[in-house]
1. Please work out if Glu214 is in contact (Cβ under 8 Å) with a residue 24 or more places away in the chain, crowded, with 16+ Cβ neighbours inside 10 Å and more than 19 Å from Ser243 (Cα to Cα).
2. Taking the stretch 206-234, which residues are over 14 Å from the mean Cα position of the chain (by Cα) and not hydroxyl-bearing (Ser, Thr, Tyr)?
3. Within the stretch 64-83, how many residues are surrounded by 21 or more Cβ atoms within 10 Å (Cβ to Cβ) and either of a type in the set (D, E, K, R) or within 15 Å of Thr273 (Cα to Cα) (or both)?
4. Of everything in the stretch 119-149 that's assigned to a helix (DSSP H, G or I) and of a type in the set (Asp, Glu), which residue is surrounded by the most Cβ atoms within 10 Å (Cβ to Cβ)?
5. Taking the conditions exactly as written (exposed (fewer than 14 other Cβ atoms within 10 Å of the Cβ), more than 27 Å from Arg133 (Cα to Cα) and out of contact with any Ser or Thr (no Cβ under 6 Å at 6 or more places or on another chain)), does Asp11 satisfy them or not?
6. Give the stretch 162-193 a look and list any residue that's in a loop (DSSP other than H, G, I, E, B), surrounded by fewer than 19 Cβ atoms within 10 Å (Cβ to Cβ) and not β-branched (Val, Ile, Thr), or say none.
7. Could you tell me which numbered condition Arg116 fails, if it satisfies all but one of (1) among the charged types (D, E, K, R); (2) crowded, with 18+ Cβ neighbours inside 10 Å; (3) modelled with pLDDT under 95?
Amino acid sequence: MDRSALYGVLDGYLAALGARDPGGVDWAPAARVSENNVMLAIGDGMWGTIARLGDYRLCFADTAEGQIGYFGTVIEPIEQSAFTLRLKVNDLGQVSEAEAVVVRQSDSGIKFENPRYWTKPILEAKAEAPVSRTEMVRLSNGYFDTLQLNDGTIHTKFHPDCNRVENGVQTTRNPEFAKIVPVSALGCEEQFRMGNYRYDDELRARRFPLVDEERGLVLAFGFIDHSGRLDTYRLTDGRTVKSPVRRPHSFYISELFKIDHGMIRQIEANFITVPYRMPSPWDAA
């Protein structure tokens, strides 16, 4: 299917979701549906609680693999939540997979103050100097290698102006958020060069199901495991700091990488806290 046809499937899915009408989706036989890393019956989860979708809307597609990606927000009782959706579409235009991450901050164990959701033109533009599909995945996987047991070694390539947004908050070059999390004053590569994330023990169950070659986007999923055993550690500038993570847990992440000129240019991520070493129901897919 081409991009416009895939976006048509997405539009129909989102319209059905907003209407709380799972019957409005053309589901493939034995379709698989997950929300926050748990397999659900069709129509369960946010299908029963959504009031409406928020205004933020970022769509992308992998025409080679029949995959559609979406970053937006969902409004339910209590709050508005960041929302990632991945759909897989078969040759008949039916939805065979639907994977959602909903960052309900009241329930997720992660509280980012004053999240906001805005359009980022760089994520919507075509790649100026695209690289191969294989190289796009390699650079994205290299980001995860850099994050895992972060010791200051860089395993990917960052654009000098790279920024990252997590759960609706810019966590790079953000002086306001740096008042709470000081490392947020730095750029992407600077944060990693200092070894700030040494407490990330493993980035596990990595998947890269969607590559939008035209736009230079890679959608990835995985888990960041934290054993909580690390008390203090030394940054590459010689300072000793305390780990903010002192109990076992994992983050389930959906992460979008913008690749251009052979470098990571922008990152958009949604993640939630899940039980330590929680497995992925998609590993057997």
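1. no
2. Asp212, Glu213, Glu214, Arg215, Gly216, Asp225, His226, Gly228, Arg229, Leu230, Asp231, Arg234
3. Summing the residues that are surrounded by 21 or more Cβ atoms within 10 Å (Cβ to Cβ) and either of a type in the set (D, E, K, R) or within 15 Å of Thr273 (Cα to Cα) (or both) in the stretch 64-83 gives 3.
4. Out of the qualifying residues, it is Asp145.
5. No: the conditions fail for Asp11.
6. Correct list: Arg173, Asn174, Lys179, Leu186, Gly187.
7. The failed condition is (2).
Table: residues versus (1) assigned by TED's automatic domain parsing to the domain that holds Arg206; (2) free of Cβ contacts under 8 Å to residues at least 60 places away in the same chain.
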position	(1), (2)
Gly93	no, no
Glu113	no, no
Arg138	yes, yes
Gly152	yes, no
Asp161	yes, no
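The values are calculated or read from the model by the stated rules, or taken from the named source; none is laboratory data. Bear in mind that the values here come from a model prediction, so they are computed numbers and not experimental data. Positions of Cβ are backbone-derived with ideal geometry, glycine not excepted, and every protein chain shown enters the neighbour counts.
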